[in-house]
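The values are calculated or read from the model by the stated rules, or taken from the named source; none is laboratory data. The structure presented is a predicted model; accordingly, all values stated were derived computationally and were not measured. Reconstructed Cβ throughout: ideal geometry from the backbone, glycine too, with neighbour counts over all protein chains shown. We work out accessible area using only protein heavy atoms, side chains counted, and drop any ligands, DNA or RNA first. Shrake-Rupley method; radii C 1.70, N 1.55, O 1.52, S 1.80 Å.
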Amino acid sequence: MTDRRGPFSAKGFLPLWLSGLCWHWSRWAIAFLAGYHVNVVTGSPRLVQLTGTVMWAPLLLGGALGGVISDRFDRRRTVRWQTALLIPLAVIVGLAERAGQLGLWLLYPFLLFAGVGWVVDMTSRRALLLDIVGQQRIGGAMAWETMALASGLAAGQLLGGVITGRAGVGTAFLGIGGVLCVALVLLMWVPKVPRVTAEESRSSVGAEMRAGLRLARTNRGLLSILGVTVMANFFMFAYFPAVQLIGKEVDATASQIGLIGSMTGFGMITSSFITSVASARRWGILYVSGVFVTMAMLIVWALSPNVPFAVVTLYLASCGSGLFAATQSTLVLTVVPEQMRGRAMGLLSMAIGALPIGTYLLGEVAQALGPRTAVIVMASLGFVALTLWLVCRPEVVRRGHPAR
């Protein structure tokens, strides 16, 4: 029977959600500032796209290990440590930029560590959300989580652009350090929640990783979901750093580029809110449809003749990606046994790890053919690839609301 109480009625959900909100604001601000700084310093589409590749590479390389850590250790403590370690690094980068010493040798390693934080968030904090609210309320909880992520996309890029234009990149990085301090304080208010641990908790880490990887072979529903995730991240979300490049094509200022990029967040907020209050029976259809809508609109966005057109079309594209994001973690967490949730999220992290590969490829195409052509080619190929995948693995389309 469906629990009609909202996720905020669960003890600990509010501080955990707010800490996630701070993390998402910080993460997307880091991505924006890094791309902007590299674009100003080098003017190279390849190096701009490489900022995304480096930041998102840990998702692919560390997802399986992150899933084991999530199932094996206290998830609260893991998230706290990750946040605490990132704070001084953000401050160091900010101070280096203000001193005129922020070289790529410092920026790229920082992005790599921030990417490790994304793995921890994906495998530990999101699984902790389910521990706190329970399966009956996880749909609403993940919709709110997606709104937090989307607000980070909006605020992180919009404020990043405004602060950069007025005070500089270094000041913006120092602000990120402050926001992460707030996240760390909020995590102290999250209670410890008893949960089912993995049966093989006394076995080796390698054995647990192999058990997690077997999920992709033995659980057809999970495999279908992960395949859609791979297609979306390789072909669709690779456009994130390209916002800087398209912004340059339409002669946008730093603040205007931030405004264009923030539409990704505002569009996702819109569709995530609709998802949080909707009672759709077929969440799998929403998940897949969101990808198709976004890739179609990205083609239109790439042809933008001016800033207002770029703002509107990226907003519409992002309404589709919001449907995808709001249902993604819920579908993964509810298709596997409780003791395997961390490792299922680790597999999801690895699937999202297609993003840095797609990002790098888009950068190479943009270097050779221009950013507009690169976005159009990637989105078009993604449309075809996703269609073929669903013909072979249609199970995700039949997945319904987790509380039904």
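Within the range 249-258, track down each residue that is surrounded by fewer than 24 Cβ atoms within 10 Å (Cβ to Cβ) and assigned to a helix (DSSP H, G or I). Show your work before the answer.
Taking the range 249-258 and keeping what is surrounded by fewer than 24 Cβ atoms within 10 Å (Cβ to Cβ), we get 249-256.
Those that are surrounded by fewer than 24 Cβ atoms within 10 Å (Cβ to Cβ) and assigned to a helix (DSSP H, G or I): E249, A254, S255, Q256.
Just to be sure I understand the filter: pairs with C-beta atoms under 9 Å, separated by 6 or more residues or on different chains, first member in the range 123-137 and farther than 17 Å from G66 by Cα, second member at pLDDT 85 or above and of a type in the set (V, I, T). Which pairs pass?
I132/V190
Can G6 be described as open to solvent by less than 10 Å² (accessible area, probe 1.4 Å) and either farther than 22 Å from V120 by Cβ or among the hydroxyl-bearing types (S, T, Y) (or both)?
Working: open to solvent by less than 10 Å² (accessible area, probe 1.4 Å): no; either farther than 22 Å from V120 by Cβ or among the hydroxyl-bearing types (S, T, Y) (or both): yes.
Judged against the criteria, G6 is not a match.
Please find, within the range 287-310, the residue that is nearest to L245 (Cα to Cα) out of those that are small (G, A, S) and in contact with a Phe, Trp or Tyr (Cβ under 9 Å, 6 or more places away or on another chain).
Filtering the range 287-310 for residues small (G, A, S) gives 289-290, 296, 302, 304, 310.
Restricting the remaining residues to those that are in contact with a Phe, Trp or Tyr (Cβ under 9 Å, 6 or more places away or on another chain) gives 289-290, 296, 302, 310.
On the way: S289: 27, G290: 24, A296: 19, A302: 10, A310: 12 Å.
Result: A302.
Please enumerate the residues belonging to the range 129-141 that are farther than 12 Å from G6 by Cα and open to solvent by less than 10 Å² (accessible area, probe 1.4 Å).
Across the range 129-141, the qualifying residues are L129, L130.
Kindly state which helices (runs of 4 or more DSSP H) lie completely within the range 50-165 and contain at least 2 residues that are farther than 29 Å from V311 by Cα and of a type in the set (G, A, S). So that I can check it myself, show each step before the final result.
Values: elements: 75-98, 104-120, 126-133.
Answer list for the range 50-165: 75-98.
So if I check each of L112, L149, L107, which one is among the hydrophobic types (A, V, I, L, M, F, W, C) and under 13 Å from the mean Cα position of the chain (by Cα)?
Sole residue among the options that is among the hydrophobic types (A, V, I, L, M, F, W, C) and under 13 Å from the mean Cα position of the chain (by Cα): L149.
Just the residues that are crowded, with 24+ Cβ neighbours inside 10 Å and aliphatic (A, V, I, L, M), please, taken from the range 355-369.
We begin by selecting, within the range 355-369, every residue crowded, with 24+ Cβ neighbours inside 10 Å; these are 355-356, 358-359, 362-363, 366.
L355, L362, A366, listed by residue number.
Identify all residues within the range 385-404 that are more than 23 Å from the chain's Cα centre (by Cα), hydrophobic (A, V, I, L, M, F, W, C) and open to solvent by 50 Å² or more (accessible area, probe 1.4 Å); write none if there are none.
The answer is L388, V391, C392.
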